[in-house]
Amino acid sequence: MIQFLLNQELRSEHALDPNLTVLNYLREHVGKSGTKEGCASGDCGACTVVVGELQTDDDGREHIRYRSLNSCLTFVSSLHGKQLISVEDLKHKGELHSVQKAMVECHGSQCGFCTPGFVMSLFALQKNSDAPDQAKAHEALAGNLCRCTGYRPILAAAEQSCCAKQPDQFDAREAETIARLKAIAPTSIGELNSGDKRCLVPLTVADLADLYDAYPQARLLAGGTDLALEVTQFHRTLPVMIYVGNVAEMKRIEHFDDRIEIGAATALSDCYEALNAEYPDFGELLHRFASLQIRNQGTLGGNIGNASPIGDSPPLLIALGAQIVLCKGETRRTLALEDYFIDYRVTARQESEFIEKIIVPRATAEQRFRAYKVSKRLDDDISAVCAAFNLRVENGVITDARVAFGGMAAIPKRAAHCEAVLLGQPFDNAVTERACTALGEDFTPLSDFRASKEYRLLSAQNLLRKYFIELQTPHIETRVTAYV
Ligand SMILES: Cc1cc2nc3c(=O)[nH]c(=O)nc-3n(C[C@H](O)[C@H](O)[C@H](O)COP(=O)(O)OP(=O)(O)OC[C@H]3O[C@@H](n4cnc5c(N)ncnc54)[C@H](O)[C@@H]3O)c2cc1C
Ligand code: FES
Ligand code: FES
């Protein structure tokens, strides 16, 4: 059984198809059809809902953390122990919520199809920031598309509703909701099943390892932002899933003198602070990774586990020399991330083995790390090419070179020939040009709808030139990421 709050109503579910999305659950099982389906692929934001989770701060204060999610890509099993809020829950005692009022007063809605999604993103923004600036409002709304109103009135609604916010019914009931969430906090393995389809929800790494051993055919479900597409876009059925998002040990970020260890089930938005502080270019990349809804849901482990050649974090992590800890039963092994990817969607992961955590080395003074993403849109778009450069330059000579790319081969990959040209050389124009030529030996990219093979190779070479120029002229803004 799994349990969650549907706003304030306790729902206990066990006999549900685990392939059921929260969107379809709301619309077809609960009769709440305010949440809309636009794309069923995480691209439009019409299905945005907010999920509240109990959190305890370092000082021991308990509160509810509200986050916007795409309900079209969220399976119901991942609600276990949480609070689900949909657009119907905002109106209170006959009065519209302040974000809804602002949308009306600022003329932020025309046909209205996108409006529930925008309202929920605004609600999450209001809950998470006191006086959001334009950049914060853009970030909160970048995953919501509107085809008719235009964004200016919606941004005005963001300013009106979030900059002088008043307490609402959720604030008034916070203590009560915390008590109810504590009462349903999972204490044992949860399960949703229907016929021979099931999703299991372990709470510890040990339970996850045991379950994966017992069900080696299971698909691991983290944020579901890749996995759910198999159901919503390819109309497949996933007979057995194991949801890793309730395993607390896999959601921790720990800092050591020489490394940061990030649990594989940590949401990308939770990775931001740690990675941005250490490597600002990683933070910049995460800002351009999908939308806020996807980053709230998608995990670092899922981005690696998916083994896509155009996943954004692997080239950066490979250039940084990151490692992963793989767990199977009681056995653990540590592997350099670059050795994890073997061929297109083929990895070194064995049966019943899962990624437990990612180990990222801390930054050093000699390191020159930069990352660049080339995509057709600035926000919410997947890379045509993603480049990460990490040179150590001592006394003007390159003493270590790690260069990795996404979108250039069947796997995220280091550029061995390019690195060999750079190593031991001064980082000057002539060496850079030779290294650019060597990239042609490292990669034979493909042409597809994102970019042609010629465009990809030229982009990779130009990004290396850009990196060189930026390092020579540190007074200019160096963290500009390129886009088509
Ligand atoms: C609209 C949209 C935009 C996107 N934009 C980007 C983008 O800009 N950049 C980008 O890189 N990606 C993007 N993605 C892809 C996706 O969001 C990311 O790959 C995300 O990190 C996946 O994480 P998840 O937790 O949702 O993984 P899931 O979908 O839950 O899982 C993905 C795969 O990894 C496996 N897996 C999950 N956890 C583990 C584990 N601990 N050990 C082993 N295997 C595991 C799963 O079984 C599955 O095969 C986008 C997706 C969408 C829908
Ligand atoms: S329906 Fe478009 S993002 Fe979910
Ligand atoms: S109001 Fe019509 S799509 Fe936004």
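Among the residues of segment 253-262, is there at least one that is modelled with pLDDT of 95 or more, under 29 Å from R456 (Cα atoms), crowded, with 18+ Cβ neighbours inside 10 Å and in contact with a helix residue (DSSP H, G or I) (Cβ under 7 Å, 6 or more places away or on another chain)? The answer is no; no qualifying residue exists. Selection of segment 242-260 for residues being out of contact with any Gly (no Cβ under 9 Å at 6 or more places or on another chain) and within 14 Å of ligand 1 (Cβ to nearest atom) yields only I242. Can you find a residue in segment 443-461 that is closer than 14 Å to A319 by Cβ and at pLDDT 95 or above? Yes, some residue in segment 443-461 is closer than 14 Å to A319 by Cβ and at pLDDT 95 or above.
Filtered by the rule that a residue be part of a helix (DSSP H, G or I), within 16 Å of ligand 3 (Cβ to nearest atom), of a type outside the set (G, A, S) and under 26 Å from the mean Cα position of the chain (by Cα), segment 127-167 gives L141, Y151, I154, L155. Please verify whether L208 is part of a strand (DSSP E or B), touching a strand residue (DSSP E or B) at 6+ places or on another chain (Cβ under 8 Å) and buried (at least 20 other Cβ atoms within 10 Å of the Cβ), treating the condition exactly as stated. No; evaluated as a whole, the condition is false for this residue. Does A438 count as more than 16 Å from ligand 2 (Cβ to nearest atom), in contact with a helix residue (DSSP H, G or I) (Cβ under 6 Å, 6 or more places away or on another chain) and under 30 Å from T473 (Cα atoms)? Against the criterion (more than 16 Å from ligand 2 (Cβ to nearest atom), in contact with a helix residue (DSSP H, G or I) (Cβ under 6 Å, 6 or more places away or on another chain) and under 30 Å from T473 (Cα atoms)), A438 qualifies.
For every residue, the table says whether it meets (1) in a strand (DSSP E or B); (2) touching a strand residue (DSSP E or B) at 6+ places or on another chain (Cβ under 6 Å).
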| residue | (1), (2) |
| --- | --- |
| I342 | yes, no |
| S352 | no, yes |
| T364 | no, no |
| Y372 | yes, yes |
| K376 | no, no |
| I382 | no, no |
| D400 | yes, yes |
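If you filter segment 106-126 down to residues that are out of contact with any Ser or Thr (no Cβ under 7 Å at 6 or more places or on another chain) and part of a loop (DSSP other than H, G, I, E, B), you find that the one that is nearest to ligand 1 (Cβ to nearest atom) is C114. Selection of segment 425-476 for residues being crowded, with 16+ Cβ neighbours inside 10 Å, out of contact with any strand residue (DSSP E or B) (no Cβ under 6 Å at 6 or more places or on another chain) and among the aromatic types (F, W, Y) yields F443, Y455, F468. Within segment 28-62, take every residue that is basic (K, R) and within 23 Å of L141 (Cβ to Cβ) and give me the one that is farthest from ligand 3 (Cβ to nearest atom). If we take residues in segment 28-62 being basic (K, R) and within 23 Å of L141 (Cβ to Cβ), then K32 is farthest from ligand 3 (Cβ to nearest atom).
Evaluate segment 62-83: report whether one residue or more is more than 22 Å from the chain's Cα centre (by Cα) and either within 16 Å of ligand 1 (Cβ to nearest atom) or not aliphatic (A, V, I, L, M) (or both). Looking through segment 62-83, at least one residue is more than 22 Å from the chain's Cα centre (by Cα) and either within 16 Å of ligand 1 (Cβ to nearest atom) or not aliphatic (A, V, I, L, M) (or both).
Can you find even one residue in segment 80-92 that is away from ligand 3 (no atom under 16 Å from the Cβ) and over 29 Å from A267 (Cα atoms)? Yes, some residue in segment 80-92 is away from ligand 3 (no atom under 16 Å from the Cβ) and over 29 Å from A267 (Cα atoms). Among the residues making up segment 312-336, those that are in contact (Cβ under 8 Å) with a residue 24 or more places away in the chain and assigned to a strand (DSSP E or B) are Q323, I324, V325, L326, C327, K328, R332, T334.
Here is a yes/no grid of residues against (1) under 28 Å from M241 (Cβ atoms); (2) among the aromatic types (F, W, Y); (3) away from ligand 2 (no atom under 16 Å from the Cβ):
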{"site": "N7", "(1), (2), (3)": "yes, no, yes"}
{"site": "V22", "(1), (2), (3)": "yes, no, no"}
{"site": "C39", "(1), (2), (3)": "yes, no, no"}
{"site": "R67", "(1), (2), (3)": "yes, no, no"}
{"site": "S86", "(1), (2), (3)": "yes, no, no"}
{"site": "H92", "(1), (2), (3)": "no, no, yes"}
{"site": "H107", "(1), (2), (3)": "no, no, yes"}
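Hey, can you tell me all the residues within segment 269-295 that are near ligand 1 (Cβ under 10 Å from one of its atoms) and touching a residue at least 40 places away in the same chain (Cβ under 8 Å)? Once the filter is applied, which keeps residues that are near ligand 1 (Cβ under 10 Å from one of its atoms) and touching a residue at least 40 places away in the same chain (Cβ under 8 Å), segment 269-295 yields L285, R288, A290, S291, Q293, I294.
For segment 225-236, the criterion of being without any contact (Cβ under 8 Å) to a residue 40 or more places away in the chain and either crowded, with 18+ Cβ neighbours inside 10 Å or outside any loop (DSSP other than H, G, I, E, B) (or both) is met by at least one residue. Within segment 107-126, the set of residues being within 19 Å of D270 (Cβ to Cβ), in contact (Cβ under 8 Å) with a residue 60 or more places away in the chain and more than 13 Å from ligand 3 (Cβ to nearest atom) comprises just one member, A124.
The values are calculated or read from the model by the stated rules, or taken from the named source; none is laboratory data. As the structure is a computational prediction, the values presented were derived from the model and not from experiment. Cβ: placed from backbone, ideal geometry, glycine included. Neighbour counts: every protein chain shown.
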